[in-house]
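See below for the structure under consideration.
The values are calculated or read from the model by the stated rules, or taken from the named source; none is laboratory data. All values reported here derive from a predicted model rather than from experimental measurement. We place every Cβ from the backbone using ideal geometry, glycine too, and count neighbours over all the protein chains shown. The protein model used for the area step is the full one, side chains on, heavy atoms only, and it has no ligands, DNA or RNA in it. Shrake-Rupley method; radii C 1.70, N 1.55, O 1.52, S 1.80 Å.
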Amino acid sequence: MTAAGTADTAGQWVFGGVDSHADTIHVAVVTDNGGHLADAEFPTTPAGYTPALAFLGAHGDVIAIGVEGTASYGTGFTCAARTDGLSVVEVNRPDRAERRRSGKSDPIDAYAAARAALSGRASSAPKDETVTGIRALHNAARSTVKARTAAMNQIGHILIGAPDTIRARYRALRGKPLVDALARLRPAGDAVHAGVLTALKSLARRVQALATEHDKLTAALDDMVTGHNPGLRAAYGVGPDTAAQLLITAGGNPDRLRTEASFAALCGAAPVPASSGKTNRHRLSRGGDRAANAALYRIALVRMASDSRTRDYVARQTAAGRTKKEIIRLLKRAIAREVFRCLTTTVTVPEIADLRPARQAKNITLTAVANHFGVWPAVISCIERGTRRDDDLANAYRDWLTTA
């Protein structure tokens, strides 16, 4: 522990800073004018959080605590501090220029976090722990996709160098038919053929197992996301994966999202001024959460492909001379505005649980309903199951069932 002085600090306003690690947290205290008071190291355990908070409180009235890694190594300390009624703000790591000037050490980072809380540079509330389960399921589901892709790539590479008889047998197959055929293999022949076929069979079964695991994780993620924010999940083109990513980015805490423009900037969907001299223009933002930006991009692609309003908008913008890239940027900005409303307000989702029982009670098939409304049967099925939202069609469907 180090201290800047021995003067009595009781009753003064102080700010705390925490540099968190896997095994330890380094806590620093500064005065309300930025003067260094003291710093100390504590274990990253519940038994260490209590003396850490007492250490902060011993130097004055704690106004706010800046914590690096509130959603990782600093999660436990953040929860303990908020339970004690203290204000905690999320601190990003120092920029490279400041780090080159000041150097790097735990005390330096802890004091920098305290000064960030004091200056207001760090003002975001920590992410709410209610998204912890969503984050865990989302990461697990995405890892199965990466592992499955790696296994499929390995199958392709093995087939490239496989004996001619094996290549000829499976050359015409792709995707799931190829995997299913390889999973049914009975390796035989000489050592080369047996080795290649055994490897292909093992990889194919791995792909099948990963696909099953991904489906289960996605179903669990869908249930959790829908329970957390049914309005967001019901928005057109928003699936379990994209909804989960947007909730993770937002942190499950509406207090973090001050304005709709700041949320768009957080997602990298807000245009950035790029003007100089006589040039007055904006460019695409290359900052923000790129995973959230990718989620907005996927929603935009879905709407461009199947949403009539979006297709009409794209047609108007194309006629006005905009490129596809410019149109997608505009769509992502509009989708960010819609997502912000879903995240910060309660969006009522119409009840659809009565549609399927009403249809089945009258012995009406999905095909008959689809033919009446001029859509595919899958569209009606998705509306009945709540995986696709189209309020106008759902209401028209309900009225039609009433009079059918």
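Enter the accessible area per residue of the chain (Å², integer; probe 1.4 Å; all protein chains in place).
Value returned for the chain: 53 Å² of accessible area per residue.
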Report, to the nearest 10°, how far helix 240-250 tilts away from the longest principal axis of the Cα atoms in the chain, using its own Cα long axis and a range of 0 to 90°.
10
Any aspartates and glutamates whose Cα falls less than 16 Å from that of Lys362, other than same-chain ones fewer than 8 residues away, would be Asp354, Glu384, Asp399
How far is helix 391-403 tilted, in degrees, relative to the longest principal axis of the Cα atoms in the chain, given as a value from 0 to 90 rounded to the nearest 10?
50
Report the residue, chosen from Val18, Val30, Val179, that carries the largest GNM mean-square fluctuation when the chain is represented by alpha-carbon nodes joined by springs under 10 Å.
Val179
Got a sec? What order do Trp13, Trp400 fall in by accessible area at 1.4 Å, biggest, i.e. largest, first?
Trp13, Trp400
Straight-line reach check, Lys332, cutoff 28 Å on alpha carbons, 8 or more apart in-chain or any other chain, hits among lysines -> Lys127, Lys146, Lys324
Assigned charges on the beta-carbon of Lys, Arg, Asp, Glu; segment 209-285 dipole about Cα centre (debye)
640
Sparse-neighbour loop sites [GluC sites (Glu not before Pro); segment 277-355; at most 10 other C-beta within 10 Å; DSSP]
Glu351
Rounded to the nearest 5, the percent of DSSP beta bridges in the chain running antiparallel is 65
Candidates Gly48, Gly195, Gly252; GNM for the chain (alpha-carbon contacts under 10 Å) flags as most fluctuating Gly195
Match the structure shown to one of the listed values (1) 0.93; (2) 1.02; (3) 1.29 of Cα Rg over 2.2 N^0.38 Å, computed from it, and give that label.
(3)
Only Cα pairs under 8 Å and at least 6 apart count here; give the relative contact order of segment 9-127 as a rounded whole percent.
33
Report, to the nearest 10°, how far helix 324-344 tilts away from the longest principal axis of the Cα atoms in the chain, using its own Cα long axis and a range of 0 to 90°.
70
Extended-chain gain in nm, criterion 0.36 nm per residue less alpha-carbon gap, Arg205 and Arg93:
36.0 nm
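Divide by every residue of the chain the summed helix terms, -39500 (n - 2.57) for each DSSP H run of at least 4, and state the resulting mean residue ellipticity at 222 nm, rounded to the nearest 500 deg cm²/dmol. Intermediate results must be reported in sequence, preceding the final value.
Working: 18 runs with 235 residues, N = 404.
Computed ellipticity for the chain at 222 nm equals -18500 deg cm²/dmol.
Of the heavy-atom accessible surface of the chain (probe 1.4 angstrom), what whole percent is carbon and sulfur?
Heavy-atom surface of the chain belonging to carbon and sulfur, 1.4 Å probe: 54 percent.
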